[in-house]
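All remarks here apply to the structure that follows.
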Amino acid sequence: MTKAERTRQFIIEKTAPIFNQKGYAGTSISDLTEATGLTKGSIYGNFSNKDEVALSAFDHNYGLVKATITHRMNLEPDPLNKLRVYLDVFSELATNDIFKFGCPILNTAIEADDTHVELRKKAIGAINNWYKVLGNVIKQGQEEGIIKGDVNDAEFAGAYIAIIEGGIMLAKVTGKMDGLNAVIKQAERMLADITV
C-alpha cells in the first residue's frame with residue numbers, strides 16, 4: 001500500500017463513524033479535519049470532494065457489517081442458524097462498535113432516499129445484497145428439507161430486513177433495547193413458522 005493509499009484509508013476509517021452518526025448533510029469539513037487531524041487541503045488532496053469521502057465511508061461501514069455477518073454465517077452449516085446470525089449481530093447494537101451510531105445501511109437509506117442519489121444507490125445495493133444472501137439461505141434450507149418449500153424467499157427477506165431494521169430504529173430513537181428485543185423475539189417466531 002502506497003503512502004497515498006494509506007492516507008486515504010486513514011481518512012475513511014476516521015470519518016466513517018462520523019458519517020454514520022451525523023449523516024452526509026450533518027457532517028462538515030471541520031468534522032472531517034477534527035477526526036483526522038488533517039487539513040482541508042490534505043483531505044481534498046486525497047478525495048475530490050465531500051461526496052467521495054462520504055461514499056467511501058459508506059463502503060467502509062457497510063463492509064464492516066457485511067464482513068461480520070459473512071464470517072459468522074460461514075461458521076454455521078445450518079441454514080436456520082445462518083438466518084439467526086443476523087439477529088445475533090444486530091442484537092449487539094449496544095456493544096458492537098460497528099453499530100455505535102446505528103446501522104449504516106438504515107442511517108444512509110433514511111437520509112439519502114430523497115437527498116443524495118449516489119448514497120441512495122449505495123444503500124440500495126446493500127439492501128439488494130441482503131435480499132440475495134437471505135434468499136440463498138432460504139433456498140439452501142429448502143433443498144436440505146429444513147425450511148418449508150412454499151416459503152417465498154424474497155417475501156421472507158423483505159419482512160426479515162424490515163423487522164430487524166425497525167428494531168434498530170426503535171432502540172436508537174428510544175435509547176432502550178426493549179423494542180429491539182421484542183423484534184428479535186418476533187423474528188424468532190418468523191423462523192419457527194418457516195421451519196419444517
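Bear in mind these aren't lab numbers, they're just calculated from the coordinates by the rules spelled out. Owing to the predicted nature of the structure, the values given are computational and were not obtained by experimental measurement. Because the Cβ atoms are built from the backbone with ideal geometry, glycine has one as well, and the counts that use them run over all protein chains shown.
Couple of notes before you dig in:
- Model label zone, LYS121; criterion: amide N under 19 Å from point 7 Å along Cα-to-beta-carbon; scope segment 46-80: 47-63
- Computed extension length for ASN74-ASP31: 11.8 nm, one decimal, from 0.36 nm per residue of separation with the Cα-Cα distance subtracted.
- Along segment 155-165 the Karplus relation, 6.51 cos²θ - 1.76 cosθ + 1.60 evaluated at θ = phi - 60°, assigns HN-Hα couplings of 5, 4, 4, x, 5, 5, 4, 4, 5, 5, 5 Hz to successive residues, with x for each Gly and Pro.
- Label zone of VAL173 (point 7 Å out along Cα→Cβ, amide N under 15 Å): in segment 104-137 this covers 106-107, 110-111.
- 10 Å Cβ shell holding at most 16 others, DSSP loop, GluC sites (Glu not before Pro): longest site-free stretch of the chain: 1-91
- With eigenvalues of the C-alpha gyration tensor scaled by 5 and rooted, the chain, Å: 34, 17, 14
- For segment 144-196 versus segment 101-136, the gap between their alpha-carbon centres in whole angstrom: 18
- For segment 110-185, applying the loop criterion from DSSP together with a ceiling of 16 other beta carbons within 10 Å to the trypsin sites (Lys or Arg not before Pro) yields LYS148, LYS176.
- Distant-in-sequence amide H partners of ILE147 (H built 1.01 Å from N, under 5 Å): GLN142, VAL196
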